[in-house]
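Since the structure comes first, as structure tokens, the remarks are kept for the end.
The values are calculated or read from the model by the stated rules, or taken from the named source; none is laboratory data. For clarity, every value in this text was computed on a predicted model and none was experimentally measured. Reconstructed Cβ throughout: ideal geometry from the backbone, glycine too, with neighbour counts over all protein chains shown. Ligands, DNA and RNA are excluded from the accessible area calculation, which covers all protein heavy atoms including side chains. Shrake-Rupley method; radii C 1.70, N 1.55, O 1.52, S 1.80 Å.
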Amino acid sequence: MESEEDQMEEPIPAIALPVVTEPPKIHRLHESVVNRIAAGEVIQRPHSAVKELVENSLDAASTSINVVVKDGGLKLIQVSDDGHGIRDIGTLRKMQYEDLPILCERHTTSKLSRFEDLQSIKSMGFRGEALASMTYVGHVAVTTITKGQLHGYRVSYRDGVMEHEPKPCAAVKGTQIMIENLFYNMTARRKTLQNSADDYPKIVDLLSRFAIHHINVSFSCRKHGAARADVHSVATASRLDAIRAVYGVSVARNLMKIEVSDDDPSSSVFEMDGFISNSNYTSRKTTMVLFINDRLVECSALKRAIEIVYAATLPKASKPFIYMSVILPPMHVDVNVHPTKREVSLLNQEIIIEKMQSAVESKLRSTNEAMLFQEKVVDPTSSSPVATTKDSSMNASASGIKSQKVPVNKMVRTDSQDPAGRLHAYLQVKPPSNYEQSSSLTSVRSSIRQRRNPKESSDLTSIEELIDDIEKNCHSVLLDIVRHCTYIGMADDVFALLQHNTQLYLANVVNLSKELMYQQVLRRFAHFNAIQLSDPAPLLELITMALKEEDLDPECNEKDELKEKIAEMNTELLKTKTEMLEEYFCIYVDSDGNLSRLPVILDQYTPDMDRLPEFLLCLGNDVDWEDEKSCLQSIAAALGNFYAMHPPLLPNPSGDGLEFYKRRKSSGSPHAEENISKDAEDHVTNDGIEHELVAEAENSWAQREWSIQHVLFPSMRLFLKPPTSLAANGTFVQVASLEKLYKIFERC
């Protein structure tokens, strides 16, 4: 018994309760620990250090800045400039011998002395943290000479202090700062940077952005040991020339000048000028260069607002190139909101962004009426249709190049002998100088239309008439609600709750999305991007499926032959219309009657493919193919209904909708049991719920709500022109005013 008791007592110490101890004592961190933590926040990557040094050089009124980088900046960053050392402008470049000892101490600066100075700060640096932070994570050496000195000084720094007395040395005008072995004492970060992509492309991008804004400064950036610079710009008087030198001719020639300003103290006071890309520019990613009061910053809200405009306005929905310089009163900008000064806070930021967005939209719409065609010089002695473009740098013989096939929707059908279209052949021949002075967008479009065949000309006229009808029937009150409403959330499966001023509204998202899609189809007519189906869908099967769904008695087989006949007739009809459907609406049906492409109507949105059979049946049955205007209108309406954000066909699993998924298991119908596959039965648990189907339904409903909030309502604010019919058909229902709700709450 004694041994048994011993065995029972042995585990007791292992599960003993922890001894209650006093809370850890708060103590002051050592200054070196504080500085190293702060340094890691200010200098996050090598390009962060380059940005700080370049901004210091610009504050010093430098006219030439050269950057040399080794191993992505981890081994070497060297920034040299020719700053002249005016005390009121620069910090580093004004240095006297006695300034060097405190140069790299934290919070030493000449750019402000009181906190109130931030209200009117114009320099890019102001905290006095950057150089100090660099000395805590790297080995820093500074060589400088100020105006009037016979020689310069060189000194090394570590942990914010000089390692030795300044040494006289030969130097050229300005300052050179060298950082070696960056993050040598931060093992985890150095390994992360070494294992990630090289930081050098980020440094090149950074210098490129500075170069196109500060056009009075020469910039260069190259790798250590390289003979050729990856960024090389010279001072110029033209912003467009700077963009051309840094980003290339292909970017510069596809840019448009844009300007917008506001001087209303009650809303916003700012001036913006810049360049934005036109419809001929194509890129896989957005390039946005934003300077606010000459400070390079980022603004995700402005970037997203402009991307939405481009995605919905231009036919290619390509990512844009944007350069903007915004000038605001210094007291309207809070520059002290980010450790690396990457972001700033603006007074009335939402209003400013909205006005910039409207200016971009207006500019794109005014220039999107006609594409920019490059004039081509054709050799009259050659029978080949190959032409040499003036902007091209390649001079190849026509016989040595195979002509590139032009897509059908890109052709200008004006000459049967030249299917690709020679635009200059159908304009009146004038001397170049006279043509450039007198040509206008209207005359170019008019000249093209006169050469089109009558049917194509009337097609364009029909679309313009339909768009004009939208403008004329726009309800002004609803337009104001749509443009300035705030989305609160979904009230049920169909209605969303909106707030406009102090009023609350229920809005039918199905009706709104249907109207928006219809209008966007007309605006993007013949200029759609494509949704490529992974597997071509057979029209015959889909239309037959739609006919069976419409049948009130699906178990009756007497009408099957009639349904098959109707499906075959509609399939053959759509096959005969495939050329028109593809060119105008990006709906492609191959010769075998398979659907493989659908149009992109709103960026980031794909329609519910469960409604595809209904759409195809509508194209076959409801479209008047004889009347031109009616035909285009009914196809646009069918697309609008197909792409509208209907509730998913699977019931919402939340609430009473869950009963649907229980009935699938508990139904006594033998047909219902046959419809449940063995795999589905495996996912039906003891509670009678098919959880895999529930998960699919939950995903569909969540995706729809996300699309309503992040795609539908932002697009509505920009593009929807609500017709008067929406004011009378229950699409908008005023619930109550916030004032009444407050009174009710007060009574309660």
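Computed from backbone phi with θ = phi - 60° and the Karplus coefficients 6.51, -1.76 and 1.60, the 3J(HN,Hα) list for region 357-366 is 4, 5, 5, 5, 4, 4, 5, 5, 5, 6 Hz; x is used for glycine and proline. A crude spin-label estimate for the pair Ala702 and Asp241, with each label 7 Å from Cα along the Cβ direction, gives 5.6 nm. Of Met178, Met645, the order by accessible heavy-atom surface (1.4 Å probe, DNA, RNA and ligands excluded), from most exposed downward, is Met178, Met645. When His475, His214 are compared by accessible area of protein heavy atoms, the largest-first order is His475, His214, using a 1.4 Å probe. Please state the shape class of region 592-653: rounded when a/c is under 1.5, otherwise prolate if a/b exceeds b/c and oblate if not, all from the C-alpha gyration tensor. Prolate, since a/c reaches 1.5 and a/b exceeds b/c. Peptides 247-253, 43-49 ranked from most to least packed by the mean count of surrounding Cβ atoms within 10 Å: 43-49, 247-253. Net charge of the neighbourhood of Leu240, taken over other residues with C-beta under 10 Å away and scored Lys/Arg +1, Asp/Glu -1, is +3.
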